[in-house]
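Each remark here refers to the structure printed beneath this line.
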Amino acid sequence: MREQAGDHPGSGRDPRRPLTAWVRGGQWAVALTLTALVVAAHVACFLHAGALWRDEINSVNVAGMPSFSQFSYYTRWDSFPIGWPLVLRAYLATGLGGTDTGLRALGLGMGLAALAALWWTARSFTRDVPLVSLALAAAAPAVIRYGDAVRAYGLGILLSLLAMGLLWRAVQRPDWRRLAAAAAAAVLSVNVIYHNAILLLALGVGGTAVGLLHRDWKRVAGVLGIGLVSAAALLAINWRHLTSAGEWNTMVKTTVSLEWLFTHKVMTTLNASGEFMTWLWLVMLAVALGACVYRLVRPAGPEGAQRDLPLFILTAMPVAVVGYFWFLRAVSYVTEPWYYVALMVFLAVLIEAAVHTVVQANTVGRIVRLALVVVVAALIAPNVWREVHTRMTNLDLVAAKLEALASQDDFVIVTTYHPGITFNRYYRGPTPWATLPDIRDHRVHRMDEIKEKMAEREPLRPVLQKMAQTLASGHRVWVVGKLWLMRPGERPGYLPPAPQGPTGWYEQPYVDLWLGQAGYFIQCHANRLSRVPVPVDDPVSQYEEEMLLVIEGWR
């Protein structure tokens, strides 16, 4: 008897026990409803994100350099391989990126395209609609907010998903067209986000395991070839960027443990959807691995094909997790939520596929999965909706307030140099301003200039002298950002010029010292320090919510 369409291993239909129409309809209804809600969350994020914040502006300013030689030089001050700056430069060349709205539209497009890629990739593995991956990853606030930012994460997730689906198809049937498509997606993905190289390694290990299972050396050679080509392309294209990073990354490296990363960063990222999400992720990872072991021991059909997907997942998933955290531990950065979004989506799709291997022929299992997804979606919806209404910065509002209140004889200080990038984009008033300490170039993260300041004995002297002159002449000093104020009897500490201090070139102790020195100077010499309200309708991201203070009088 000829096999009916869809009656094959991995399809959404079980030839021995067909799903009832209402269960299949329920899956589609829930999947489409969840997708519509996620799309609405993306749109809400687009409408409420507001002005660009410093990291986004950094990327835009690098991409928008007047000449290609300047562009090539300034890419060292961004955090990504060359792929994202090139895409952003091409977008700016169209004229569509001339406004914040136009730039946010690019981010929205990347986020929605990644959502579509999640559907396609999940169906490449399961021939079914995505459910688990929509609730775990697609609806996660970090994936939406940072995937839609004017940064590389949305495009990186999109290309990682395409590489994932295409490589799986090439593993199933390694003809030259499929291998070439997978190689192209893999090369593009690693040249947008460095972390994607770890995920590609995990896919390569999974594909190689399947090839070895079948003793299919053509399949093994194809998968290894994709990995080698991608690694060679990453190093060849970005070698200068990788080597130049050594000039400044010691400034942001610190000692981090895996326990600290998990409890302070991973849990914060996952629990933005709900306080239970970390535990749900851990349970689902365990369920996925258990399901793969079960299917390897008890395949549902002909052993060869039925064991491919469980083996692929069982080898790729641990390599991805261990490799990713080894990478983060090796670079020793204080990571933030956006570091984890690519891994979240990657694991969610593998969890989706693993769960499918045990419920595909079980109506009760599908009903239970459907019910759990609905419950989880209902529980996380309020948190997700609140998170996507968060502004990325309030510095555009602070700049507007200063333009209305400050005179040209006043002086503005932005207390740290990072938000100086945002202030530089939005402030158009006549009042002179500087950062603590002041640097020459406020367009991008000029870590080299900060490194120079760290090596000086009194890098704040010019700014403090300007503050003193302004206050002594009867004018006001406006402070944008935070200050460290001393308790009675306290004095700011001291650090020798870097790298002679106990922390070498690590910048944070110096930033804290400068804030303390500026705060102490104000406490000693100013008559009045008061906060100026800057009204804002939406909550503001903790990464760039700056207060506005005004200082008056001299003593």
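Structure values in brief
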quantity	calculated
Any chance Val321 is closer than 27 Å to Arg151 by Cβ and at pLDDT 95 or above	yes
Flag if Gln517 is in the same structural domain as Arg461 (by TED's automatic domain parsing), more than 28 Å from the chain's Cα centre (by Cα), of a type outside the set (Ser, Thr, Tyr) and closer than 29 Å to Asn249 by Cα	yes
Wholly within segment 392-465, helices (runs of 4 or more DSSP H) carrying at least 1 residues that are touching a Pro at 6+ places or on another chain (Cβ under 7 Å)	395-405, 447-454
Matching option when the condition is farther than 17 Å from Val349 by Cα and either in contact with a strand residue (DSSP E or B) (Cβ under 9 Å, 6 or more places away or on another chain) or assigned by TED's automatic domain parsing to the domain that holds Ala316 (or both), among Leu261, Leu282	Leu261
Unique residue being crowded, with 16+ Cβ neighbours inside 10 Å and within 29 Å of Leu397 (Cβ to Cβ) when the list is Tyr543, Tyr520	Tyr520
Any hit, segment 168-180, residues being crowded, with 19+ Cβ neighbours inside 10 Å and closer than 30 Å to Lys451 by Cβ	no
Residue that is modelled with the highest pLDDT [pool: residues in segment 359-382 that are of a type in the set (Val, Ile, Thr) and touching a Lys or Arg at 6+ places or on another chain (Cβ under 8 Å)]	Val359
Selection within segment 41-95 - hydroxyl-bearing (Ser, Thr, Tyr) and outside any loop (DSSP other than H, G, I, E, B)	Ser59, Ser69, Ser72, Tyr73, Tyr74, Thr75, Tyr91
Test for Ala117: is it surrounded by fewer than 24 Cβ atoms within 10 Å (Cβ to Cβ), under 13 Å from Trp338 (Cα atoms) and of a type outside the set (Val, Ile, Thr)	no
Selection count, segment 323-333, where residues are closer than 10 Å to Leu258 by Cβ and of a type in the set (A, V, I, L, M)	1
Single unsatisfied condition, His356 versus (1) out of contact with any Asp or Glu (no Cβ under 8 Å at 6 or more places or on another chain); (2) in contact (Cβ under 8 Å) with a residue 24 or more places away in the chain; (3) on the phi < 0 side of the Ramachandran plot; (4) not β-branched (Val, Ile, Thr)	(1)
Hits in segment 131-166 (condition: part of a helix (DSSP H, G or I) and under 13 Å from Leu188 (Cβ atoms))	Leu155, Gly156, Ile157, Leu158, Leu159, Ser160, Leu161, Leu162, Ala163, Met164, Leu166
Residue match in segment 330-343 (condition: assigned to a helix (DSSP H, G or I), of a type in the set (Val, Ile, Thr) and at pLDDT 95 or above)	yes
Any chance Ala36 is without any contact (Cβ under 8 Å) to a residue 12 or more places away in the chain, within 18 Å of Pro141 (Cα to Cα) and exposed (fewer than 15 other Cβ atoms within 10 Å of the Cβ)	yes
Members of segment 207-234 that are touching a Ser or Thr at 6+ places or on another chain (Cβ under 7 Å) and under 18 Å from Ala180 (Cα atoms)	Val220, Val223, Leu224
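Residue-wise test of (1) assigned by TED's automatic domain parsing to the domain that holds Ala406; (2) among the acidic types (Asp, Glu); (3) exposed (fewer than 12 other Cβ atoms within 10 Å of the Cβ).
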site: Ile439; (1), (2), (3): yes, no, no
site: Glu452; (1), (2), (3): yes, yes, no
site: Glu458; (1), (2), (3): yes, yes, yes
site: Thr470; (1), (2), (3): yes, no, no
site: Ser473; (1), (2), (3): yes, no, yes
site: Val477; (1), (2), (3): yes, no, no
site: Val480; (1), (2), (3): yes, no, no
site: Leu485; (1), (2), (3): yes, no, no
site: Glu490; (1), (2), (3): yes, yes, no
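The values are calculated or read from the model by the stated rules, or taken from the named source; none is laboratory data. Please read these numbers as outputs of a predicted model, since none were measured by experiment. Counting neighbours? That spans all protein chains shown, and the Cβs are built from the backbone with ideal geometry, glycine included.
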